[in-house]
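Engineer: Dropping the structure in here first, questions after.
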Amino acid sequence: MSSRRFTYFSLEAVKKQHGLQITPQLYGLRCKMRLLLSLLVFCLTAPCGRSQEECLAGPKGARGKPGFVGATGMPGERGLSGNPGLPGVKGEQGDEGLVGIPGLPGLPGRQTMCSEGSAFGCSDVYAVKKNLANLELAISYDFVRGIGQKYFVSLKKRGSFSKALEFCSQRGLELALPQSEEENSILTEVFEEYSDRGVWIGVNNKWAEGKFRADMKNQPLTFSKWAEGQPDRSIRGTGCTMLKNDGMWRVTDECSSSSYIICQR
């Protein structure tokens, strides 16, 4: 039932009970006043006292479940550099690298005039050069014999007298010419066993320029070992001298015959 309908019902009841002529407006005002009066009486009769005392804190509750991971924050500013760490353990040796590009040629060295025995260190230079030259001889030739400052070398090849001169000259050497009994004996070592071939030696081959008693520079011989009846006086033109395997010298006009070629330095 609505409040409006209830109001009219109550108003009719009042009219019957008291026989009064009460309008709805007056009745509504009367109800409001009664409600206000009841509220006033309730406030006056309510007990006055202090507020409730605070209670003691209860026990700590259990830890809740972790929340969701939050969004990544902005990067902070860079901190200060730390102290250098200790050196690490030495690593293994790496593979060999590629060969580098050849460097530029160096500047020319200072030119020094060096004559044998004059400047400090020159003797060492000459000694090295001499050893290198001797080593080159030992490598390049099949027959190498040294005596004092002199070396005899040969490839154990044979040829004519003119070919022997040319062969030695092309190598900056001279045709062999023994100047002592020892040197003469050394030259015979080139012969093979029972060889009857000779070795061309550097005696002037022109009878008119020394009668076979001068060297190729037309200087008198300081040593000779002529066989009996030598040099052959019947040869009045060109004659070439050879050393035979018995160590004796002989002149022949057959300069184109094949004999051993030995050079000297």
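The values are calculated or read from the model by the stated rules, or taken from the named source; none is laboratory data. These figures come from a predicted structure and were not determined experimentally. So basically every Cβ, Gly included, is an ideal-geometry build from the backbone, and we count neighbours across all protein chains shown. Each accessible area value is taken on the protein alone, full model and side chains, heavy atoms only, with ligands, DNA and RNA left out. Shrake-Rupley method; radii C 1.70, N 1.55, O 1.52, S 1.80 Å.
Engineer: For S234, what accessible surface area do you get with a 1.4 Å probe? Give it in Å², rounded to 10.
Structural biologist: 90
Engineer: While we're on this one: Taking only protein heavy atoms and a 1.4 Å probe, what accessible area per residue, in Å², does region 135-264 have with all protein chains in place?
Structural biologist: 54
Engineer: Further question: Between L35 and E228, how many nm apart are label points set 7 Å from Cα along the C-beta direction?
Structural biologist: In this crude spin-label approximation the distance works out to 18.4 nm.
Engineer: OK, next. For Y260, Y151, Y141, give me the order by solvent-accessible area with a 1.4 Å probe, most accessible first, ignoring ligands, DNA and RNA.
Structural biologist: Ranked list, largest accessible area first: Y151, Y141, Y260.
Engineer: As a quick test, which of the pairs K163/K206; K156/K211; K163/K217; K150/K206 have an alpha carbon distance above 23 angstrom in this structure?
Structural biologist: Check vs 23 Å cut-off fails for K156/K211; K150/K206.
Engineer: Please give the solvent-accessible surface of R265 in Å², to the nearest 10, using a probe radius of 1.4 Å with every protein chain present.
Structural biologist: 100
Engineer: A62 versus I101, label points 7 Å from Cα toward the beta carbon: distance in nm?
Structural biologist: Roughly 7.8 nm, to one decimal.
Engineer: Going from most exposed to least, what order do C31, C255 have by accessible area with a 1.4 Å probe?
Structural biologist: Ranked from most to least accessible, the order is C31, C255.
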